[in-house]
1. Among the residues of region 77-98, which ones are modelled with pLDDT of 90 or more, open to solvent by less than 80 Å² (accessible area, probe 1.4 Å) and of a type outside the set (Gly, Ala, Ser)?
2. Those residues that are in a strand (DSSP E or B) and open to solvent by 70 Å² or more (accessible area, probe 1.4 Å), I need them from region 172-189; list them, please.
3. What about Glu34, is it modelled with pLDDT under 75, outside any loop (DSSP other than H, G, I, E, B), exposed (fewer than 12 other Cβ atoms within 10 Å of the Cβ) and not basic (Lys, Arg)?
4. Considering each of Lys117, Lys113, Lys142, Lys108 in turn, give the residue that is in contact with a helix residue (DSSP H, G or I) (Cβ under 9 Å, 6 or more places away or on another chain), at negative phi and either among the charged types (D, E, K, R) or modelled with pLDDT of 95 or more (or both).
5. Please go through region 64-76 and give me each residue that is open to solvent by 40 Å² or more (accessible area, probe 1.4 Å) and at pLDDT below 85, ordered by number.
6. Considering (1) touching a Cys at 6+ places or on another chain (Cβ under 7 Å); (2) among the charged types (D, E, K, R); (3) in contact (Cβ under 8 Å) with a residue 40 or more places away in the chain, say which one Asp115 fails and leave the rest.
7. Can you name the residue in region 151-165 that is over 21 Å from Leu120 (Cα atoms) and open to solvent by less than 60 Å² (accessible area, probe 1.4 Å) and, of all such residues, is modelled with the lowest pLDDT?
Amino acid sequence: MEHEGDRYSFWYTHMKPLSFSLFKIRLIDEKEKEKRQSDPESEKPITNKNKMKNASLETIAEKMKDLDFCMMITQDENRKPQSRPMSNNGRVEYDGDSWFFTYEDSNKVRQIKNDNKVNLIYQTDDLLFIECYGTTEVIKDKETLKDKWVDGLEQWFPEGVDTPGICLLKITAERVTFWHKEEEGQYTA
């Protein structure tokens, strides 16, 4: 038979961060229920006081204007997430679309052709976190490549937009969520 102290010792070391948060939420819910039961005239429903606020595209664009690097997460053929760092090359005038140069024969493009849903995760030293969930399109149009091209990309694409196999990934956001210190919000397209 398991000793009760051992169970708490295991909980404290292995489950404390998640369990404590869930316990705290449950405790708050229990207190709210007790309050409602002690005040029969109270018909106020229990609501989530931490509901995410709606954010405008302009708010998201302002938050993203100085961001460059993110982690792009795709799904492999076994539905397992695959992450890699990506750069939007400092061209962040965010309008709901994110653009990334890559090669068409890369693993990420193969994964996107199989499942075009992608997550982009950004973080700054100032504790700004942004998660962008969207649909990806592979673009090979030369005019679009020229329009999105910035100096310095020659390091990875030596022949510029004429580099064999070059393409763009266009991620159109369905949802963008941000957390920044005490502020948070969500934009839904």
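The values are calculated or read from the model by the stated rules, or taken from the named source; none is laboratory data. Note that the structure is a prediction, hence the values are computed from the model and not measured. FYI the Cβ positions are ideal-geometry reconstructions off the backbone, even for glycines, and counts take in every protein chain you see. Each accessible area value is taken on the protein alone, full model and side chains, heavy atoms only, with ligands, DNA and RNA left out. Shrake-Rupley method; radii C 1.70, N 1.55, O 1.52, S 1.80 Å.
1. Gln82, Arg84, Met86
2. Hits for region 172-189 are Arg175, Trp179, Glu183, Thr188.
3. Details: modelled with pLDDT under 75: yes; outside any loop (DSSP other than H, G, I, E, B): yes; exposed (fewer than 12 other Cβ atoms within 10 Å of the Cβ): yes; not basic (Lys, Arg): yes.
Against the criterion (modelled with pLDDT under 75, outside any loop (DSSP other than H, G, I, E, B), exposed (fewer than 12 other Cβ atoms within 10 Å of the Cβ) and not basic (Lys, Arg)), Glu34 qualifies.
4. Lys142
5. Matches in region 64-76: Lys65, Asp66, Asp68.
6. Condition (1) is where Asp115 drops out.
7. The qualifying residue modelled with the lowest pLDDT is Gly152.
Okay, residues lined up against (1) more than 27 Å from Thr59 (Cα to Cα); (2) in contact (Cβ under 8 Å) with a residue 24 or more places away in the chain; (3) not in a strand (DSSP E or B):
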residue: Lys108; (1), (2), (3): yes, yes, yes
residue: Cys132; (1), (2), (3): no, yes, no
residue: Glu137; (1), (2), (3): no, yes, no
residue: Asp151; (1), (2), (3): yes, no, yes
residue: Pro158; (1), (2), (3): yes, no, yes
residue: Val161; (1), (2), (3): yes, no, yes
